[in-house]
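The values are calculated or read from the model by the stated rules, or taken from the named source; none is laboratory data. These numbers were taken from a predicted model, which means no experiment stands behind them. Positions of Cβ are backbone-derived with ideal geometry, glycine not excepted, and every protein chain shown enters the neighbour counts. Each accessible area value is taken on the protein alone, full model and side chains, heavy atoms only, with ligands, DNA and RNA left out. Shrake-Rupley method; radii C 1.70, N 1.55, O 1.52, S 1.80 Å.
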Amino acid sequence: MKGKMKIVKIIFVATMISMPVYLFADEMNSTLTQTNSGKMEMGMDEMTGFYGLYPMSREASGTAWQPEASPMGGVSFMKNDWMFMLHGFADGVYDYQGGNRGDKKFYSPNMIMGMAQRSVGESTFGFRTMLSLEPATIGRTGYPLLLQTGETADGVNPLIDRQHPHDLLMELAGTYSYQIDEDNSAFAYFGYPGEPALGPATFMHRFSGEDIPEAPITHHWLDSTHITFGVATLGYVWKQFKIDGSIFTGREPNENRWNFDSPKFDSYSARLTYNPTENWSMQVSYGNIHSPEELTPNVNQQRVTASVSYQKNWNDIAWGTTLAFGENFNSPGNTLYGLLLESTIVFHDTHTIFARAENVQKDELFPPSDPRDGQIFNVSKLSVGYIYDFPRWYHLKFGVGGEGSAYALPSSLDSTYGSNPYSFMLFVRIKL
Ligand SMILES: [Cu+2]
């Protein structure tokens with residue numbers, strides 16, 4: 001039984017991994033559609049989404065929506081009756097986190113995503129693969145990020161003031177949708193791993209957050225479930241509304257980032273999304289997450305999130321903003337909220353200015369051995385940055401950027417973090 005599972009897994013991984021490689025090789029010889037910061041042109045027929053008859057740009061990550069006006073990155077092309085899309089990025093970041101708990105590190109966040117879809121009659125079939133080399137380019141211990149919490153590097157100690165790397169396999173998913181009529185469609189999504197119907201589009205896939213080289217400190221309040229080993233989602237689209245619900249594995253990925261974790265389907269979520277115009281997207285969602293953290297397995301979590309995203313473009317300027325709220329109800333444990341506001345503006349595909357402000361209640365800033373573990377601290381962070389991108393080379397964008405962060409901390413944390421810590425990052429990037 002175990003041996004068979006292993007063979008199935010190997011075949012599955014080999015197939016899914018070969019897809020982006022194949023796509024990329026193929027892309028090099030294909031007539032393809034370049035997407036700059038404007039609209040994607042697919043000739044006669046407009047590219048529609050995986051889950052319904054609306055523009056593809058409405059889809060962000062998993063089954064999440066963002067405003068339709070969001071510029072799409074990457075390349076896309078048709079081959080036979082399949083439509084392929086490929087996009088990704090790799091950053092090289094020098095990370096300096098200040099104060100008493102600060103640290104420095106050079107690391108590379110990165111991911112590559114390949115998608116394929118084909119419509120037959122009223123049915124649309126889709127495949128999605130997302131891979132990251134972060135287990136190698138960031139490593140188990142993650143990168144320094146003041147006030148970040150969640151997950152573990154060694155299965156014993158929690159990560160504090162560090163951001164964990166993503167797993168090699170971030171998404172391997174199959175989708176199916178059925179177009180009932182112009183306004184109605186029903187869809188299914190199965191991912192191993194994949195993203196359940198919970199929270200806004202993930203930070204690295206929404207326009208307002210994708211150029212920011214660090215994870216939000218509200219990640220575990222909003223979008224931390226984006227890599228979940230075992231997700232099954234059913235959804236329904238009616239005009240500008242979408243409702244989707246998932247059963248999924250509650251446990252966060254473990255510290256072994258190269259492999260599959262065991263699927264459990266012990267958690268569930270539901271989300272309602274409304275995109276009233278092409279400029280807006282809003283969602284509310286609820287999740288019941290069974291035993292998310294490996295180090296505190298008896299703690300279950302309920303999560304409520306609400307978010308609004310706004311996208312406005314003028315000529316060659318694209319501006320996207322997301323406001324998101326999440327609340328985690330830990331049982332046993334504290335009820336804690338997180339609030340995020342982030343905004344990115346891109347001028348002429350060359351200059352990017354971004355900012356992210358967060359306010360969050362954290363009770364994991366001290367290790368379990370410290371009496372202050374479990375005590376709630378209300379902390380805030382503001383990051384502002386700029387990226388200059390060189391003219392595109394084929395489809396690739398090369399950029400250099402910098403970012404600085406400041407914090408507002410309660411005075412009871414002065415002796416821990418220092419009185420006015422600041423942090424900065426300097427980075428280069430390639431983006432497809
Ligand atoms: Cu993540």
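Tabulated data for the structure shown
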{"read-out": "Yes/no for E195 being touching a residue at least 60 places away in the same chain (Cβ under 8 Å), farther than 30 Å from V346 by Cβ and either surrounded by fewer than 23 Cβ atoms within 10 Å (Cβ to Cβ) or within 13 Å of the ligand (Cβ to nearest atom) (or both)", "value": "no"}
{"read-out": "Residue within the stretch 158-170 that is surrounded by 24 or more Cβ atoms within 10 Å (Cβ to Cβ) and away from the ligand (no atom under 16 Å from the Cβ) present", "value": "no"}
{"read-out": "Selection count where residues are in contact with a helix residue (DSSP H, G or I) (Cβ under 9 Å, 6 or more places away or on another chain) and aliphatic (A, V, I, L, M), scope the stretch 361-387", "value": "2"}
{"read-out": "Out of Y422, Y386, sole residue that is over 23 Å from the mean Cα position of the chain (by Cα) and either within 26 Å of L323 (Cα to Cα) or not small (G, A, S) (or both)", "value": "Y422"}
{"read-out": "Count of the stretch 72-105 residues which are closer than 26 Å to G209 by Cα and either not in a strand (DSSP E or B) or not hydrophobic (A, V, I, L, M, F, W, C) (or both)", "value": "19"}
{"read-out": "Meets criteria (at pLDDT 95 or above, assigned to a strand (DSSP E or B), in contact with an Asp or Glu (Cβ under 7 Å, 6 or more places away or on another chain) and open to solvent by 50 Å² or more (accessible area, probe 1.4 Å)) for Y178", "value": "yes"}
{"read-out": "Residue match in the stretch 246-261 (condition: in a loop (DSSP other than H, G, I, E, B), in contact with a helix residue (DSSP H, G or I) (Cβ under 6 Å, 6 or more places away or on another chain) and at pLDDT 95 or above)", "value": "no"}
{"read-out": "Total residues in the stretch 61-104, condition at positive phi and out of contact with any helix residue (DSSP H, G or I) (no Cβ under 9 Å at 6 or more places or on another chain)", "value": "2"}
